[in-house]
Amino acid sequence: MIRRLFLLLSLCLPLGAFAAEELLEVDKAFRLSARALDAGTLEIRYDIAKGYYLYRDKFKFALEPAAAQAGAPQIPPGKVKQDEFFGEVETYRKEVVVRLPFTAPDGVDTVTLKASSQGCADIGVCYPPNPQTLQVSLAAMSSAPAAPAQTAGGAVEDE
């Protein structure tokens with residue numbers, strides 16, 4: 001899919017604007033992890049590769065099972081920039097950490113985090129929205145990041 005996207009975009013850009021090898025796969029450009037901080041807060045982290053950025057207003061989060069309810073995500077302010085694709089937006093480089101308050105009934109020791117984000121590469125290529133799924137253990141409340149269950153396809157730094 002990345003190769004097809006590259007081919008399509010290369011037809012629209014001047015020859016030699018970028019090479020396919022320079023464009024990372026979306027899950028490598030924006031690495032997602034999550035952990036339970038306490039019985040009511042998940043920490044969601046995107047580690048962002050150098051030369052890439054995420055949009056603040058493109059984050060979406062949901063939890064499963066349905067008995068687990070996500071609150072409003074606490075997303076830190078990003079760096080405001082004039083973006084050629086979306087106008088004036090807030091973006092993140094390097095990493096962004098989101099806190100997601102939640103409630104889960106007694107006995108639920110794992111939740112499924114469904115996260116979606118969108119970002120771009122500095123070379124002028126934007127990725128489509130990237131839905132990802134992680135299993136997050138609530139029982140352990142450990143500091144280890146959750147491992148991806150399946151992928152359907154995170155600090156602010158000056159540019």
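The values are calculated or read from the model by the stated rules, or taken from the named source; none is laboratory data. Since the model is a prediction, treat every value here as computed from it, not as a measurement. Because the Cβ atoms are built from the backbone with ideal geometry, glycine has one as well, and the counts that use them run over all protein chains shown. Surface accessibility is based on the protein's heavy atoms, side chains included, excluding ligands, DNA and RNA. Shrake-Rupley method; radii C 1.70, N 1.55, O 1.52, S 1.80 Å.
Selection over region 84-95 of residues that are modelled with pLDDT under 95 and out of contact with any Phe, Trp or Tyr (no Cβ under 8 Å at 6 or more places or on another chain) gives a count of 4. Among the residues of region 59-107, those identified as open to solvent by 40 Å² or more (accessible area, probe 1.4 Å), of a type outside the set (D, E) and outside any strand (DSSP E or B) are P65, A66, A67, A72, P73, P76, P77, F85, F86, K94, P105, G107. Taken as a whole, the structure leaves E43 outside the set of residues that are outside any loop (DSSP other than H, G, I, E, B) and modelled with pLDDT under 95.
For region 122-133, give me the residue count where each residue is open to solvent by less than 10 Å² (accessible area, probe 1.4 Å) and under 14 Å from the mean Cα position of the chain (by Cα). The total comes to 2.
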